[in-house]
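Everything below concerns the one structure shown next.
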Amino acid sequence: MLDDLDDAALDDLPFGVVCLSDSMTVLRMNRTESEKSGIQRWRAIGRDFFGDVAPGPTNRALAEKV
């Protein structure tokens, strides 16, 4: 569903969105998430989400359960 949205539409969403690859690399991040987290998109895109962007064993464990 989110894959169908272009970047402008993703930025219009009132909630934060981070799209990850199967290997947990950040593919996309919307403006709301960037503003709320304080993480600049250009720094997050292409990086390992749990290793570089939002490190922590709790975050990785939660994602692997989904």
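The values are calculated or read from the model by the stated rules, or taken from the named source; none is laboratory data. It should be emphasised that the depicted structure is a prediction, and the values quoted were computed from it without experimental measurement. Note that we place each Cβ from the backbone using ideal geometry, even for glycine, and neighbour counts take in every protein chain shown. Only protein heavy atoms, including side chains, enter the accessible area calculation; ligands, DNA and RNA are left aside. Shrake-Rupley method; radii C 1.70, N 1.55, O 1.52, S 1.80 Å.
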(request) For residues that are out of contact with any strand residue (DSSP E or B) (no Cβ under 9 Å at 6 or more places or on another chain) and hydrophobic (A, V, I, L, M, F, W, C), tally how many sit in segment 6-49. (result) 5
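Counting just the residues of segment 24-57 that are assigned to a loop (DSSP other than H, G, I, E, B) and open to solvent by 80 Å² or more (accessible area, probe 1.4 Å), which one comes out modelled with the lowest pLDDT?
Top of the filtered list is 55.
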(message) I need the full set of residues from segment 29-55 which are in contact with a helix residue (DSSP H, G or I) (Cβ under 7 Å, 6 or more places away or on another chain) and free of Cβ contacts under 8 Å to residues at least 24 places away in the same chain, in order please.
(response) 29, 30, 31, 34, 39, 40, 41, 47
(request) Would you be able to tell me the number of residues in segment 1-34 that are small (Gly, Ala, Ser) and within 9 Å of the chain's Cα centre (by Cα)? (result) 2
(message) Can you tell me which residue is most open to solvent (accessible area, probe 1.4 Å) among those in segment 1-23 that are of a type in the set (Gly, Ala, Ser) and not in a loop (DSSP other than H, G, I, E, B)?
(response) 8
